[in-house]
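Some notes on the structure that comes next.
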Amino acid sequence: MHIVISGYFGFENVGDEAILYSIIESLRAVKPNVNITVLSNNPASTSRSYNVQAVNRRKLKEITQAIRSSDGLISGGGSLLQDKTGMLTIPYYTGVMRIAKFLNKPVFIYAQGMGPISSKLNKWLVKTTLNNVSQITVRDEASKQLLTDIGVTSPAPIVPDPVLGLDQASFSHNWKTSEHLRPFITVSIRDWPTKQAYHKKVATCLDYLAQNGYDIVFVPMHGKQDAVQSKKTADLMKEKSYLFPSDASIQEKIAIIGDSQLLIGMRLHSLIFSAICTTPFVALSYDPKIDAFASLCDQPVIGHVEKDNWGPDDLWETIRRILSMEEWKQAELRRKVSEHQYNAKKTPEMVFETFIQELKCEQSY
């Protein structure tokens with residue numbers, strides 16, 4: 001079977017690359033000889049990294065040829081169908097789906113987080129496209145409700161984010177600096193347009209932690225972009241901190257978070273990495289998806305980057321309380337996550353069942 005995967009791949013965003021890696025690994029776990037082609041911004045890198053075929057996501061001819069030769073299209077995961085980051089995002093991803101439908105290929109929406117969608121045109125595009133795909137799966141209740149609200153009538157079961165299905169036990173890192181660290185806290189921070197000085201609030205709390213015996217390690221999740229934000233925060237600190245390599249692999253970033261006592265995270269997939277390692281986390285929200293995942297894992301959200309109702313003392317007290325009962329918090333997180341990890345491995349089975357059923361129907365005509 002040949003499957004094409006469409007998503008935000010090849011942009012050096014560790015979260016989205018982790019999604020791709022997870023989907024590929026889970027598909028191969030079910031069907032080891034599956035043939036996979038990825039639509040990528042950097043086809044050579046994607047092909048090399050995941051041992052798959054890859055074509056340029058910007059070239060219509062290559063996209064069409066790949067889908068035509070396939071048995072079906074996977075769209076996802078991640079937050080693809082939203083217009084917060086740009087008005088062309090939804091037209092692009094629904095456009096790829098429409099190419100697949102034009103070529104009579106089944107389309108599987110894989111654990112996507114939907115919205116926000118503000119444009120009437122984009123709502124119409126999502127509604128009319130998703131009402132004609134073979135299967136929709138979403139990663140949270142809010143996404144399911146949004147689809148209902150805009151008129152999507154096809155069933156949309158909730159499934160875990162694919163990254164939750166990863167087995168992190170074999171992951172490791174070779175970061176030599178870690179040999180000299182005290183117990184440490186990992187930090188994933190990103191840029192977000194707001195008048196609130198959230199970098200300074202985080203930096204002040206990190207100083208408290210450093211003064212109480214913890215080293216601080218920034219883990220950039222989106223390459224150089226997050227490395228810049230990490231340095232911006234570190235420069236606001238009085239105490240020393242460390243920067244984990246921004247070009248480290250997915251497995252290495254999971255491993256360093258797993259070695260830490262706790263994560264302070266803005267990026268969704270830093271929280272997911274923390275969860276699969278049963279490392280407690282404190283989330284700093286900029287989007288409802290952060291709140292939803294923290295709630296799923298029963299971990300605290302200290303506040304929102306656009307609001308002034310939290311400060312460094314609040315963050316410090318929350319972290320201090322978690323660290324004071326670290327083993328119990330880890331056990332609780334392990335219990336919360338284990339069921340979702342198991343369920344995440346069922347989604348690829350749904351993919352093959354959907355595509356095989358469509359092939360049988362097509363052959364019967």
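The values are calculated or read from the model by the stated rules, or taken from the named source; none is laboratory data. Because the structure is a prediction, the values reported are computed rather than measured. Here Cβ is always computed from backbone atoms with ideal geometry, including for glycine, and neighbour counts include all displayed protein chains. Note: areas computed on protein heavy atoms with side chains; ligands, DNA, RNA excluded. Shrake-Rupley method; radii C 1.70, N 1.55, O 1.52, S 1.80 Å.
Some notes on this structure:
- Scoring K360 on the criteria (1) touching a residue at least 60 places away in the same chain (Cβ under 8 Å); (2) closer than 30 Å to K105 by Cβ leaves a single failure, condition (1).
- The residue that is nearest to L323 (Cα to Cα), counting only those in region 193-215 that are within 23 Å of the chain's Cα centre (by Cα) and buried (at least 16 other Cβ atoms within 10 Å of the Cβ), is V202.
- Pairs where the first residue, in region 18-46, is surrounded by fewer than 24 Cβ atoms within 10 Å (Cβ to Cβ) and the second is basic (K, R), C-beta under 8 Å, 6+ apart: S26/K345; A29/K345; V34/R28; N41/R57; N41/R58
- All conditions in (1) in the same structural domain as G76 (by the TED database); (2) under 24 Å from I356 (Cβ atoms); (3) touching a Phe, Trp or Tyr at 6+ places or on another chain (Cβ under 9 Å) hold for G165, with the sole exception of (1).
- Condition check for L271: closer than 16 Å to L206 by Cβ and either open to solvent by 50 Å² or more (accessible area, probe 1.4 Å) or assigned by the TED database to the domain that holds K195 (or both): no
- The residues of region 305-320 that are under 21 Å from F184 (Cβ atoms) and surrounded by 17 or more Cβ atoms within 10 Å (Cβ to Cβ), listed by number, are P312, L315, W316, T318, I319.
- Residue match in region 329-352 (condition: over 24 Å from the mean Cα position of the chain (by Cα) and either surrounded by fewer than 18 Cβ atoms within 10 Å (Cβ to Cβ) or farther than 30 Å from T204 by Cα (or both)): no
- Residue count for region 48-82, restricted to those that are hydroxyl-bearing (S, T, Y) and under 25 Å from I272 (Cβ atoms): 4
Here's the yes/no breakdown for (1) among the small types (G, A, S); (2) farther than 21 Å from E17 by Cα; (3) modelled with pLDDT of 95 or more:
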residue: S178; (1), (2), (3): yes, yes, no
residue: L206; (1), (2), (3): no, yes, yes
residue: A210; (1), (2), (3): yes, yes, yes
residue: D226; (1), (2), (3): no, no, yes
residue: A234; (1), (2), (3): yes, yes, yes
residue: L243; (1), (2), (3): no, no, yes
